[in-house]
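The values are calculated or read from the model by the stated rules, or taken from the named source; none is laboratory data. This one's a predicted model, so the numbers in the text were calculated from it and none came from an experiment. Reconstructed Cβ throughout: ideal geometry from the backbone, glycine too, with neighbour counts over all protein chains shown. Areas reflect the complete protein model, heavy atoms only, side chains present, ligands, DNA and RNA absent. Shrake-Rupley method; radii C 1.70, N 1.55, O 1.52, S 1.80 Å.
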Amino acid sequence: MTACPQEPDELAYNVFAKACPSRGTLEHVTGRWGALTLGALSEGSLRFNELRRRVDGVSEKMLSQTLHALERDGLVHREAQPTNPPRVDYELTPLGHDVAGRLLALIQCVEGAMDEVLAARERYDETRGAR
């Protein structure tokens, strides 16, 4: 069995239930910064500032919070090297690689459909007025 079950019958949790703990993890993974952080780390291990440069627009505070949440969920591994100055590297765990792979497929789908999305936005704005 893979880390992420394929069949609904295999699921022990229900993200649609308000109290299900999977809902928090889904939020961490699919939120803007979580998704971009996982995508960036799928390319390999990065230090904090390298990751911050790769995820353009994320603040230091938000990246730190995102990394803590993803580490707590078991998707990211943080390794501090005992050097001066200290060196901290972040990388995906095996579960993180599995989740990131699925997320990257969604990202590629969205990027591939952007011409269609932009055209739909334009049609929408023409008929309903830009907001």
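Can you give me the long-range amide H partners of V88? Hydrogens built in the peptide plane at 1.01 Å from N, cutoff under 5 Å, separation of 5 or more residues or another chain.
F48, Q81
Show F48, F16 ordered by accessible area, largest first, where the area counts protein heavy atoms only and the probe is 1.4 Å.
The ordering from most to least exposed comes out as F16, F48.
What list of ³J(HN,Hα) values in whole Hz, one per residue of segment 60-73 in order, does the Karplus curve 6.51 cos²θ - 1.76 cosθ + 1.60 (θ = phi - 60°) give from phi, with Gly and Pro shown as x?
Values per residue, Gly and Pro as x: 4, 5, 5, 5, 4, 4, 5, 4, 4, 5, 5, 5, 4, 6 Hz.
Once amide H atoms are placed 1.01 Å from N in the peptide plane, what residues at a sequence separation of 5 or more from H77, or on another chain, have their amide H within under 5 Å of its amide H?
E91, L92, T93
Roughly speaking, to the nearest percent, how much of the chain's 1.4 Å accessible area is carbon and sulfur? Before the final figure, lay out the partial values.
Numbers: 4940 of 9440 Å².
Taking all protein chains in place, the chain shows 52 percent carbon and sulfur surface.
Per-residue HN-Hα couplings for segment 31-38, Karplus 6.51 cos²θ - 1.76 cosθ + 1.60 at θ = phi - 60°, whole Hz, x for Gly and Pro?
Using θ = phi - 60°, the values come out as x, 3, 6, x, 4, 5, 5, 4 Hz.
Using a 7 Å offset from the Cα along the Cα-to-Cβ direction at both L26 and L106, what is the distance between the two label points in nm, to one decimal?
1.0
Within segment 32-53, find all residues whose amide N lies under 11 Å from a label point positioned 7 Å from the Cα of N84 along Cα-to-beta-carbon.
What the label zone holds, given the 11 Å backbone N cut-off, is no residue at all.
Just to check I understand the Karplus step: with θ = phi - 60° and J = 6.51 cos²θ - 1.76 cosθ + 1.60, what whole-Hz values come out for segment 86-92, glycine and proline as x?
Ordered by residue, 3J(HN,Hα) equals x, 10, 10, 10, 10, 8, 6 Hz.
Quick check on packing: order 112-124, 63-75, 94-106 by the mean number of other C-beta atoms within 10 Å, highest mean leading.
Numbers: 112-124: 10.2, 63-75: 18.1, 94-106: 16.4.
Listed from highest to lowest mean packing, they are 63-75, 94-106, 112-124.
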